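The values are calculated or read from the model by the stated rules, or taken from the named source; none is laboratory data. Since the structure is predicted, the reported quantities are computational estimates derived from the model, not experimental observations. Note: ideal-geometry Cβ built from the backbone for every residue, glycine included; neighbour counts use all protein chains shown.
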Amino acid sequence: MDAKGSCDSRFAAVQQAFEEIFDDPQELGAGLCIQVGGETVVDLWAGVADLERTKPWNRDTLVNTYCAIKPFTAVATLMLVEEGKLALDQPIAHYWPEFAQGGKDQVTLRQVLSHTSGTPALRLPSRTPEMYDWDEMVKKTAAEPLWWQPGTELGYGATTYGWILGELIRRVDGREPCRFIRERITEPNGLEVQLGVAEQDFHRIAHFGRAEGREGDSFAIALRHVMSKQPEHVATLAFTNPAVGPKQTTDPRWWSYRQPGVNGHGTAHGLAGFYSALLGGRLIGPELLSEFTREHSNSMDRVLLRPMRYGLGCMLEQQADQAASKCMGPNTFGHVGLGGPVSFADPERDVSFGFVTTTIGSHVLLDPRVRKLATLAYAAL
């Protein structure tokens, strides 16, 4: 399938590999953007945006990026740190007294950002019925007891991350967190990323479909096994309480849902542009950018059930783990989203990468499509 868009001749192999993705008849649609030094060198899209295969994918097609939105929220909190409204090592309960319940009185912002806070999930009963009620979910998050002592273990906060950081932003700034991100990050930098899609843009949203035969690596298989057999395991609850997944992507309530840890909708150029703005110093200063991208945690993740390295709200490069590697330099940082959306940056080469897709496999981190594209892009730099 021929892709639409533009591609610098140096990256011809990247375009070819992107087009070859659609040799698999299961593929629906995808977008790819690569920027070097803030300049776009690859901006491609192809395929369809609906399950009926009648609606062409366009440059402005919006894709649910899921957890790839987490770095936007992390940077929003770091902006407030830079302004003196938040402190990385101040207990969250200092700003949000109710959060001290359940032994969480000493949990810090740094620990939440690095997934070492001991607050990765909400225990049963199911919170799905009230998931769209911000005040209720914040109340439930504040009341949740620790899973382990802060700073002692690592556990990815799939959804709790959004309620904790979002409520912090709301309390110290006064703005609803997704509005803060829009007014301070996305709109000033022209980023096509929305946290809570405006109703007039619903028609732009692409729908997800699952591809068969894409099993993922041994860690992904182990995670799926736990989730299918152990309903009260912390890994299961982190992703299912409340339920967030492909089924939600056809629900208008989900499209407009403002949960800044798990529900962004954007384009490949919107994701890549965020990292270009970050590297270009347009979001936070060099000191906090260094904090954001340096290692703050590195061990077996009790939620993802695999070794992980985190900065402050971003996933760090793991070159020894093929399924986790972003296939660029050793200081590459970024984030993945459920099913394939991913964005990251390599500061040494000043390159930003954004990929969105609606064809879901079972890979938890970097699937082969992204690894091949990133490898070819890095070789062309």
Can you tell me which residues in region 174-196 are over 17 Å from Trp134 (Cα atoms) and either modelled with pLDDT under 95 or part of a helix (DSSP H, G or I) (or both)? Arg182, Glu183, Arg184, Ile185, Thr186
Out of all the residues in region 118-131, is one or more of a type in the set (Val, Ile, Thr) and either part of a helix (DSSP H, G or I) or without any contact (Cβ under 8 Å) to a residue 12 or more places away in the chain (or both)? yes
Are any residues in region 37-85 of a type in the set (Val, Ile, Thr), in contact (Cβ under 8 Å) with a residue 12 or more places away in the chain and either under 21 Å from Leu195 (Cα atoms) or out of contact with any Ser or Thr (no Cβ under 8 Å at 6 or more places or on another chain) (or both), and if so, which ones? Val41, Thr61, Val63, Thr65, Ile69, Thr73, Val75, Thr77, Val81
Going through (1) closer than 19 Å to Val342 by Cα; (2) touching a strand residue (DSSP E or B) at 6+ places or on another chain (Cβ under 6 Å) one by one, Asp8 fails only at (1)
If we ask which residues in region 14-42 are outside any helix (DSSP H, G or I), over 13 Å from Leu373 (Cα atoms) and not β-branched (Val, Ile, Thr), their number turns out to be 10
Taking Ile92 and the conditions (1) more than 27 Å from Arg182 (Cβ to Cβ); (2) among the β-branched types (Val, Ile, Thr); (3) buried (at least 20 other Cβ atoms within 10 Å of the Cβ), which numbered condition does it fall short on, given that it satisfies the others? (1)
Among (1) under 19 Å from His363 (Cα atoms); (2) surrounded by fewer than 21 Cβ atoms within 10 Å (Cβ to Cβ) - the single one Gly281 does not satisfy: (1)
Confirm whether Ala76 is farther than 22 Å from Leu271 by Cβ, among the hydrophobic types (A, V, I, L, M, F, W, C) and part of a helix (DSSP H, G or I). no
